[in-house]
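Below: the structure, in structure tokens.
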Protein chains: 4
Amino acid sequence: MAWESSSTAIRAFVHERDWSQFHSPDNLAKSIAIEAGELLECYQWSPGADHADVRRELADVLIYCLLLVDELGADVDELIAAKIQENERKYPADRARGRSAKYDRL
Amino acid sequence: MAWESSSTAIRAFVHERDWSQFHSPDNLAKSIAIEAGELLECYQWSPGADHADVRRELADVLIYCLLLVDELGADVDELIAAKIQENERKYPADRARGRSAKYDRL
Amino acid sequence: MAWESSSTAIRAFVHERDWSQFHSPDNLAKSIAIEAGELLECYQWSPGADHADVRRELADVLIYCLLLVDELGADVDELIAAKIQENERKYPADRARGRSAKYDRL
Amino acid sequence: MAWESSSTAIRAFVHERDWSQFHSPDNLAKSIAIEAGELLECYQWSPGADHADVRRELADVLIYCLLLVDELGADVDELIAAKIQENERKYPADRARGRSAKYDRL
């Protein structure tokens with residue numbers, strides 16, 4: 001499975017550096033927010049961005065997300081599938097179609 | 001492949017709501033940062049967090065990340081593999097082992 | 001008034017560089033989030049942080065906040081006073097005392 | 001002095017609730033990032049935003065910033081003045097004028 005290969009590569013990278021000691025869930029949540037800020041920096045002054053920079057920063061966000069998924073003993077696809085089901089209830093297609101309003105303002 | 005099934009489910013959810021019109025790369029980068037903040041909120045006052053909340057917020061970050069990967073016409077695993085290769089150069093295992101220092105301070 | 005001197009110094013710095021053209025409210029909101037991520041990075045792996053780094057990153061957050069206050073034609077103290085009043089309603093001292101629970105869970 | 005009156009009001013609000021026990025520097029840094037994300041949410045899908053919402057979220061960012069300034073035993077205006085001086089070195093007006101490039105790319 002695709003993301004399994006990514007998770008395996010990330011685990012190996014972390015293990016070789018003995019870094020799991022730093023990867024408490026709250027440190028990983030901080031790291032995801034930090035990297036999300038670096039990704040946003042690619043778009044700070046204009047909607048156009050350097051694709052190579054975006055790919056690097058987006059990868060950093062994903063890597064920390066996969067480490068937190070691991071920490072939770074969760075499965076990426078189950079995690080996402082469950083949230084999509086919740087979002088389908090919060091955003092009924094007929095009412096949400098073409099609107100960016102938040103569910104509590106639909 | 002796992003990512004693929006998630007990406008397919010996300011695309012269907014977005015298509016049913018005609019939401020791709022809102023998903024410019026910069027709006028997705030903002031959305032990733034916003035959801036990363038909500039994930040961090042689970043750990044705002046203590047390292048302990050409600051796992052159900054964490055899973056929901058982490059899923060939101062991942063969903064927007066996968067939408068941006070799509071927008072870039074990229075592949076999640078290639079994106080991550082390329083960044084791990086770069087990190088292996090920036091953080092040689094022998095010098096980085098057991099240290100949380102940033103590469104420019106190793 | 002103290003913050004007036006800061007706002008005046010910031011306006012002069014921006015004017016000398018003809019940077020107000022970049023300071024739309026949404027770009028400033030992005031900038032605040034980006035700098036907040038850099039501030040958080042000081043605490044990424046431990047609660048201890050380099051004070052000089054923290055002061056620099058905190059100043060960056062404050063500078064962009066003051067620029068957005070300007071853009072809104074608002075007054076820092078009125079802005080803060082109004083929010084404290086709102087928070088006093090949301091967090092009655094007798095129920096919120098010593099608890100970090102969010103208002104909707106008090 | 002303006003900042004002083006705001007800082008005094010914030011300290012009183014926190015004291016009445018016995019909340020300083022939660023306000024470690026790292027928790028305040030997390031809180032600033034969380035509120036910065038809520039501010040950014042006002043601009044998630046369009047540059048137009050509800051001014052009342054923006055004022056509320058911006059106030060939250062400022063309140064946590066002032067609490068961290070307090071924790072550091074720092075002075076807002078000195079903090080900002082020192083950073084502006086640093087930025088004047090990093091962004092010489094003649095080279096930075098009208099350009100949004102980062103200092104290392106000027």
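With label points set 7 Å from Cα along Cα→Cβ, the inter-copy distances at A:D75 are 2.4, 5.9, 6.0 nm, sorted shortest first. A label point on D:A93, set 7 Å along the Cα-to-Cβ line, lies at 4.9, 5.4, 5.9 nm from each of its counterparts in the other copies, closest listed first. Taking the C-alpha atoms only, the angle from helix A:76-90 to the longest principal axis of chain A is near 20 degrees.
Compute the long axis of helix C:51-71 from its Cα atoms, compare it with the longest principal axis of the Cα atoms of chain C, and write down the angle in degrees, 0 to 90, nearest 10. Taking the Cα atoms of chain C, the angle to C:51-71 is about 80 degrees.
Working note: Cα atoms of the protein assembly as shown, range along each principal axis, descending, whole Å: 61, 46, 40.
The relative contact order of chain B, computed from alpha carbon pairs under 8 Å that lie at least 6 residues apart in sequence, is 27 percent. Listed cross-link partners A:K30/B:K30; B:K83/D:K83; A:K83/C:K90; A:K30/B:K90; B:K102/C:K102 are compared with a 27 Å cut-off, the Cα-Cα value being larger for B:K83/D:K83; A:K83/C:K90; B:K102/C:K102. Hull volume per residue, based on the alpha-carbon atoms of chain D and their convex hull, is 156 Å³.
Of all residues in chain B, the one whose Cβ lies closest to the rotation axis carrying B onto A, together with that distance in whole Å, is B:A36, 2. Springs join every pair of Cα atoms under 10 Å in this Gaussian network model of chain B, and among B:R56, B:R11, B:R89 the largest mean-square fluctuation is at B:R89.
Label point of D:S5 (7 Å along Cα→beta-carbon): distances to the other copies' equivalent points are 1.8, 6.1, 6.4 nm, sorted ascending.
Only the coordinates and a few stated rules stand behind these numbers; no lab work does. Given the structure is predicted, the values throughout are model-derived calculations rather than measurements. In this analysis, Cβ positions are derived from the backbone assuming ideal geometry, glycine residues included, and neighbour counts consider all displayed protein chains.
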